[in-house]
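Trainee: Supplied in structure tokens, the structure appears directly below.
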Amino acid sequence: MARTTRLAPSPTGALHLGNARTFLINWALARRNGWRIVLRVEDLDGPRIKPEAVDGIMETLRWLGLDWDAGPPIHSRDLAPSLDAMESLAGAGKAFPCALTRGQIASAASAPQDGAHELRYPATLRPPDWEERFHDIESNWRLIVPDLPIRFEDSFAGPQSINPAEVIGDFIVWTKRGAPAYQLAVVVDDHRQGVTDVVRGADLLDSAARQLLVYRALGLKGEPSYWHVPLVVGPDGKRLAKRHGDSRIDEYRRLGVAPSAVIGLLAGWSGLERRPMSAHEFAEAFEPSALPRTPVVFSPGDDAWLNSR
Ligand code: GLU
């Protein structure tokens, strides 16, 4: 079967230069190698989701010259496969319902949580027993996370060894909103869509280890290959955000910047010469081995270069 990748935007806002670069690299790898591309809208991220952003994101991707072979399926419209997966996890005793609040977890956890941006749920907080059946879809459910390193080879980031028990502990796979958490939804969708290659931002490298645990807990075959693209950051080294200036693609478009200029800047950030080009030219020239392995800095000079096109 053909290799398959996916473009999986979350409709939490407009595309900026950082996400656009990741999507462009994802698309270029696929088109060079003859992989199938599925567009998938990941709209399960609770309150941050703006359903009206979906059309805008698709329109921006098309304006840049990207296309796809199937989609978009929208996560929230078909929960049945995630419900089946949860029934299987709960029935096998691999996930448990959890009513603790973040505050309770933070105060009960003995290890200091300073500086951690994610709350770790230690094994000591697991309930002594629970009903091994997915009986309450309006509760949070957590996966039982074994204390062992998950090893995998990332095609951009290199060999990885990540122990989710140390990073996050028993993480949430189902939320009390009555919907799967990101970590479960991604695995269920990647598996049923036959995704063989996951290309996305390096902020999700830790998540790859969690997702591999979910594949294994569900007994699913066909774990994907991962390609985590180093992030675009601001001059302060932090991931691209509003305070670094308006880097939304739509804003450049509104100012009259051509798509070839945007692709040209992204090319300069991806190991190619910075010059205006189409997405197809980018795909032909792109060499995965030349992609910078460290974060790329979006500088005021980059913004000026775009605005002068
Ligand atoms: N929806 C995520 C994002 O927009 C990507 C998740 C994934 O690729 O697994 O960053």
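The values are calculated or read from the model by the stated rules, or taken from the named source; none is laboratory data. What you are looking at is a predicted structure, and each value in this text was computed from that prediction instead of being measured. Every residue, glycine as well, gets a Cβ built from its backbone with ideal geometry; the counts of neighbours run over all protein chains shown. Side chains are part of the model used for accessible areas, which takes the heavy atoms of the whole protein and leaves out ligands, DNA and RNA. Shrake-Rupley method; radii C 1.70, N 1.55, O 1.52, S 1.80 Å.
Trainee: Counting only protein heavy atoms and a 1.4 Å probe, tell me what percentage of the range 4-65's accessible area is made up of carbon and sulfur. If you can, show how the numbers build up before the last one.
Mentor: Details: 1020 of 2110 Å².
Ligands and nucleic acids excluded, carbon and sulfur give 48 percent.
Trainee: A further question on this structure: Quick one: if you stick a label point 7 Å off each Cα along the C-beta vector at Arg32 and Ser139, how many nm between them?
Mentor: Spacing of the two 7 Å Cα→Cβ label points: 4.9 nm.
Trainee: Quick one: what are the phi-derived ³J(HN,Hα) couplings along the range 18-34, Karplus 6.51/-1.76/1.60 with θ = phi - 60°, whole Hz, x for glycine and proline?
Mentor: Residue by residue, the range 18-34 yields x, 5, 4, 5, 4, 5, 5, 5, 4, 5, 5, 4, 5, 5, 5, 9, x Hz.
Trainee: Then there is this: Show me, for the range 177-185, the HN-Hα J-couplings you get by feeding each phi into the Karplus relation (A = 6.51, B = -1.76, C = 1.60, θ = phi - 60°), rounded to Hz, glycine and proline as x.
Mentor: Along the range 177-185, the couplings run 6, x, 9, x, 6, 3, 4, 7, 4 Hz.
Trainee: What whole-number value in Å² describes the accessible area per residue of the range 32-144 for a 1.4 Å probe? Walk me through the numbers before you get to the answer.
Mentor: Values: 6210 Å² over 113 residues.
I get 55 Å² per residue for this part.
Trainee: So, one more: With +1 on each Lys and Arg Cβ and -1 on each Asp and Glu Cβ, how big is the dipole of the chain about its Cα centre, in debye rounded to the nearest 20?
Mentor: Working: 36 positive and 39 negative charges, 83 e Å.
Dipole of the chain, to the nearest 20 debye: 400 debye.
Trainee: Gap in Å between the Cα centre of the range 135-152 and the Cα centre of the range 1-62?
Mentor: 26
Trainee: Work out from phi, with θ = phi - 60° and the Karplus expression 6.51 cos²θ - 1.76 cosθ + 1.60, the ³J(HN,Hα) of each residue of the range 53-68, listed in order in whole Hz, and give x for Gly and Pro.
Mentor: Ordered by residue, 3J(HN,Hα) equals 6, 4, 5, x, 5, 4, 5, 5, 4, 5, 4, 6, x, 8, 9, 8 Hz.
Trainee: How large is the translational diffusion coefficient of the range 1-129 in µm² per second when you combine the Kirkwood radius over alpha carbon pairs with Stokes-Einstein at 4 °C and 1.567 mPa s? Could the numbers behind the result be given before it?
Mentor: On the way: Rh = 18.0 Å.
The Stokes-Einstein estimate is 72 µm²/s.
Trainee: On the accessible surface of the range 197-309, probed at 1.4 Å, how many percent belong to carbon and sulfur atoms? All intermediate terms of the calculation are to be shown ahead of the outcome.
Mentor: Details: 2680 of 5070 Å².
The computed percentage sits at 53.
Trainee: On to the next question. Give me the dipole magnitude in Debye, nearest 20, for the range 36-105 about the Cα centre, with unit charges on the beta carbon: positive for Lys and Arg, negative for Asp and Glu. Kindly include the intermediate steps, with their values, before the conclusion.
Mentor: Values: 8 positive and 11 negative charges, 60 e Å.
Magnitude of the dipole: close to 300 debye.
Trainee: Evaluated at 10 °C with a viscosity of 1.306 mPa s, what Stokes-Einstein diffusion coefficient in µm²/s does the chain have when Rh comes from the Kirkwood expression over alpha-carbon pairs?
Mentor: Values: Rh = 20.6 Å.
Value of D from the Cα-based Kirkwood radius: 77 µm²/s.
Trainee: Need one value: the accessible area of Leu240 in square angstrom, 1.4 angstrom probe, rounded to the nearest 10.
Mentor: 20
Trainee: Here's another thing I want to ask about it. Among DSSP bridges having both ends in the range 139-280, what percentage is antiparallel? Round to the nearest 5. Write down the numbers at each step before the final one.
Mentor: On the way: 10 of 16 bridges.
Among the beta bridges of the range 139-280, antiparallel pairing accounts for roughly 60 percent.
Trainee: Could you give the length gained by full extension between Arg254 and Glu166, i.e. 0.36 nm per residue of separation minus their alpha carbon distance, to one decimal place? Write out the running numbers ahead of the final one.
Mentor: On the way: separation 88, 0.36 × 88 = 31.68 nm, distance 4.54 nm.
Full extension from Arg254 to Glu166 adds 27.1 nm.
Trainee: Here is a further query. Once both labels are modelled 7 Å past Cα along the beta-carbon direction, what's the Arg126-Ala290 spacing in nm?
Mentor: Taking the simple label geometry, Arg126 and Ala290 are separated by 5.0 nm.
Trainee: May I ask you to give the solvent-accessible area per residue for the range 233-307, in square angstrom, as obtained with a 1.4 angstrom probe? Please report the intermediate quantities before stating the final value.
Mentor: On the way: 3830 Å² over 75 residues.
For the range 233-307, the per-residue accessible area is 51 Å².
Trainee: Just report the Cα centroid separation between the range 223-280 and the range 183-212, whole Å.
Mentor: One Cα centre to the other: 23 Å.
Trainee: Return the calculated 222 nm mean residue ellipticity for the chain, to the nearest 500 deg cm²/dmol, obtained by summing -39500 (n - 2.57) across DSSP H runs with n ≥ 4 and dividing by the residue count. Please report the intermediate quantities before stating the final value.
Mentor: On the way: 11 runs with 108 residues, N = 309.
Result for the chain: -10000 deg cm²/dmol, rounded to the nearest 500.
Trainee: Quick query: amide H of Arg3 versus all other amide H atoms, modeled in the peptide plane; which residues come in under 5 Å with a sequence gap of 5 or more or a different chain?
Mentor: HN-HN under 5 Å from Arg3: Arg36.
Trainee: Okay, moving on. Considering the dipole of the chain built from charges on the beta carbon (Lys and Arg +1, Asp and Glu -1) around the Cα centre, which of Ala85, Ala202, Val233 is farthest to its positive end?
Mentor: Sorting the options by dipole projection puts first Val233.
Trainee: Under the rule of at least 5 residues apart or a separate chain, name every residue whose amide H is placed under 5 Å from the amide H of Leu39.
Mentor: Residues meeting the criterion, in which the H sits 1.01 Å from N, are Leu7, Asp69, Ala70, Gly71.
Trainee: When averaged across all projection directions, what area in nm² does the alpha-carbon convex hull of the range 208-309 cover? Working shown, then result.
Mentor: On the way: hull surface 33.8 nm².
About 8.5 nm², averaged over all directions.
Trainee: Would you calculate the separation in nanometres between label points at Glu118 and Lys176, each defined as 7 Å from the Cα along the Cα-to-beta-carbon direction?
Mentor: Those two pseudo-labels are separated by 2.1 nm.
Trainee: In terms of modelled amide H atoms, which long-range or inter-chain residues lie less than 5 Å from the amide H of Ala157?
Mentor: The answer is His228.
Trainee: Which stretch or stretches of the range 116-146 have amide N atoms under 18 Å from the point lying 7 Å from Ser107's Cα along the Cα→Cβ direction?
Mentor: 119-122, 125-126
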